[in-house]
Amino acid sequence: MRYIGVILFLFMLVGCSEQQNLGTIKAYNGEVIREDPTDTIVMADKEYPMRGEVGDFTVFDADFIAGKAQTYTFYIWFGNKNVDKQLLHQDEIVEWNQSANEEKQNTLGKQIKFTAIESETFEKQNIATGIIEPLSEEEERFPLGTTAAKVVTTMTIPSNGVWKLEGSIDGQSIGDVTVKVN
């Protein structure tokens, strides 16, 4: 009987130490920062690799090099962000709701501020600004393209690691994407 008590005590001790190890995972505002997967738009034999989720907030996938000024194109989709992902890949996409188009029109020409947050230290830096502009004719053919806009900006990400890039207008977040910087 005494051995059973010792064995149960050891199981509880091991279980507690595992929970303590899990508690050491760092999180920014309750969220673990990990690199976003690549999502690709395929149109007429041409591929557009995007980092982030098409239909929300993405950046045209590129090499992100620490300490080097580079130009990136970000895409922002307006309206309901809870779209069924399958709709984005069908040949015929249901026309997006009117409020998304109005939201896009009201945002065109506004300045967006980009803030970078490093995943280990949560170091936060303002790294760029840009102006929200309409898509080109070719880009308008993207899934839900009639409700999307873009920002072309030059930014320097300070160091290697995984960085969350947040976009905001007038202090209001409009989306983020997380990238690995070499």
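The values are calculated or read from the model by the stated rules, or taken from the named source; none is laboratory data. Source: prediction; values computed, not measured. Note that we place each Cβ from the backbone using ideal geometry, even for glycine, and neighbour counts take in every protein chain shown. These area figures cover heavy atoms from the full protein model, side chains too; ligands, DNA and RNA do not enter into them. Shrake-Rupley method; radii C 1.70, N 1.55, O 1.52, S 1.80 Å.
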Open item on the list: Residue under question is GLU120, and the condition is that it be part of a loop (DSSP other than H, G, I, E, B) and at pLDDT below 85; does it hold?
Closed with: no
Task: Positions within segment 134-154 being surrounded by 13 or more Cβ atoms within 10 Å (Cβ to Cβ) and not aliphatic (A, V, I, L, M), in sequence order - done: PRO134, GLU139, ARG141, PHE142, PRO143, GLY145, THR146, THR147, LYS150, THR153
Task: Contacts under 8 angstrom Cβ, first residue in segment 71-87 being open to solvent by 60 Å² or more (accessible area, probe 1.4 Å), partner at pLDDT below 55, 6 or more apart - done: LEU87/ILE93; LEU87/VAL94
Task: Test: residue in segment 94-111 that is surrounded by 14 or more Cβ atoms within 10 Å (Cβ to Cβ), in a strand (DSSP E or B) and modelled with pLDDT of 95 or more - done: no
- [ ] State yes or no: is ILE157 part of a loop (DSSP other than H, G, I, E, B) and either open to solvent by 60 Å² or more (accessible area, probe 1.4 Å) or within 18 Å of ASP36 (Cα to Cα) (or both)?
- [x] yes
TODO: Quickly run through segment 33-65 and pick out the residues that are open to solvent by 30 Å² or more (accessible area, probe 1.4 Å), touching a residue at least 60 places away in the same chain (Cβ under 8 Å) and within 15 Å of TRP163 (Cβ to Cβ).
DONE: ARG34, GLU35, ASP36, ARG51, ASP63, ILE65
TODO: Tell me the strands (runs of 3 or more DSSP E) entirely within segment 1-88 that contain at least 3 residues that are more than 12 Å from the chain's Cα centre (by Cα) and at pLDDT 80 or above.
DONE: 38-43, 46-53, 70-77
